[in-house]
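The structure appears below as structure tokens.
The values are calculated or read from the model by the stated rules, or taken from the named source; none is laboratory data. Quick caveat, the model's predicted, so the values are computed rather than measured. Positions of Cβ are backbone-derived with ideal geometry, glycine not excepted, and every protein chain shown enters the neighbour counts. SASA here: full protein model, heavy atoms, side chains in, ligands and nucleic acids out. Shrake-Rupley method; radii C 1.70, N 1.55, O 1.52, S 1.80 Å.
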Amino acid sequence: MQLGDIADIRAGMVITRKKASTSSEVKATYRMFTIKSIDSSDESFELFESNEVLSPHYFTKEGDILFRLNYPYSAVYIDESKAGLLIPSSFAVIDVQVDFILPEYVAWYLNTAPAKKELEKGQAGTRIPSTNKATLSAIPIELMPLGKQRSIVQLYKLHLQEKQLLNKLIEEKEKLFQAQTNKVLQGM
């Protein structure tokens, strides 16, 4: 089974066409999904000033999967904390249309080495490799029972949580090191 068989895949909005060029042109301001949003657990999203009110079609909803179309490819499941964000054209929106495959499982699977290897077969560009809807649609999806999918999703969530905690620990260790270094330098 291929991704295109179980999901609707569409591109995000070309934001340059809707960007307000002056403050008087601004009709609405939206929070926008960016590459930083993929690994972000906080609510600091980029703001986008639009020259018109945009259709709800261009915004994330809970259950969507956003897939980065440029290398390094990555997928993120949209939960309630990331719902309502403007989707730029550098991302594809994957909406799973069947009830026997969990969207979270598909997001996990798209981040695995076998899926990324499939993407490399159809990539375009030499400096910054990119992919497209047709290549994404053709990715084979490993079908397994819902119970196993749930187990994988739970393990994946724990893995992501651990990565966030390790990154926070690194940040705190860096602050500690800087404080100790400043203390030593002040004592000279």
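Look at residue 85 and say whether it is open to solvent by 40 Å² or more (accessible area, probe 1.4 Å), of a type in the set (A, V, I, L, M, F, W, C) and farther than 21 Å from residue 6 by Cβ. So residue 85 fails the test.
When residue 34 is tested against (1) at pLDDT 90 or above; (2) open to solvent by less than 30 Å² (accessible area, probe 1.4 Å), only condition (1) is not met.
A residue that is surrounded by 12 or more Cβ atoms within 10 Å (Cβ to Cβ) and of a type in the set (S, T, N, Q) cannot be found anywhere in segment 168-183. The set of residues in segment 1-40 that are of a type in the set (S, T, N, Q) and free of Cβ contacts under 8 Å to residues at least 60 places away in the same chain comprises 16, 21, 22, 23, 24, 29, 34, 37, 40.
Filtering segment 135-188 to residues that are out of contact with any Asp or Glu (no Cβ under 9 Å at 6 or more places or on another chain), at pLDDT below 95 and among the β-branched types (Val, Ile, Thr) leaves 181, 184.
Does residue 134 count as among the aliphatic types (A, V, I, L, M), surrounded by fewer than 16 Cβ atoms within 10 Å (Cβ to Cβ) and either touching a Leu at 6+ places or on another chain (Cβ under 8 Å) or within 30 Å of residue 28 (Cα to Cα) (or both)? For residue 134, the condition - among the aliphatic types (A, V, I, L, M), surrounded by fewer than 16 Cβ atoms within 10 Å (Cβ to Cβ) and either touching a Leu at 6+ places or on another chain (Cβ under 8 Å) or within 30 Å of residue 28 (Cα to Cα) (or both) - is not met. Among the residues making up segment 105-124, a single one is assigned to a helix (DSSP H, G or I), within 17 Å of residue 7 (Cβ to Cβ) and free of Cβ contacts under 8 Å to residues at least 24 places away in the same chain: 118.
For segment 40-50, state whether one or more residues are buried (at least 20 other Cβ atoms within 10 Å of the Cβ), more than 14 Å from the chain's Cα centre (by Cα) and closer than 30 Å to residue 21 by Cβ. Checked segment 40-50: at least one residue is buried (at least 20 other Cβ atoms within 10 Å of the Cβ), more than 14 Å from the chain's Cα centre (by Cα) and closer than 30 Å to residue 21 by Cβ.
Residue count for segment 55-78 satisfying the condition of being closer than 13 Å to residue 33 by Cα, open to solvent by 20 Å² or more (accessible area, probe 1.4 Å) and in a loop (DSSP other than H, G, I, E, B): 1. Anything in segment 141-188 that is outside any helix (DSSP H, G or I) and more than 20 Å from the chain's Cα centre (by Cα)? List them, or say none. Matches in segment 141-188: 142, 143, 144, 145, 187, 188. For segment 79-101, a residue qualifies if it is touching a residue at least 60 places away in the same chain (Cβ under 8 Å) and outside any strand (DSSP E or B), and the qualifying residues are 87, 89, 90, 97, 98, 101.
Could you list, in sequence order, all residues of segment 9-24 that are open to solvent by less than 70 Å² (accessible area, probe 1.4 Å) and either touching a strand residue (DSSP E or B) at 6+ places or on another chain (Cβ under 8 Å) or aliphatic (A, V, I, L, M) (or both)? Passing the criteria: 9, 10, 11, 12, 13, 14, 15, 18, 20.
Can you tell me which residue in segment 100-129 is modelled with the lowest pLDDT, limited to those that are among the aliphatic types (A, V, I, L, M) and open to solvent by less than 70 Å² (accessible area, probe 1.4 Å)? Ranking the candidates gives 124 first.
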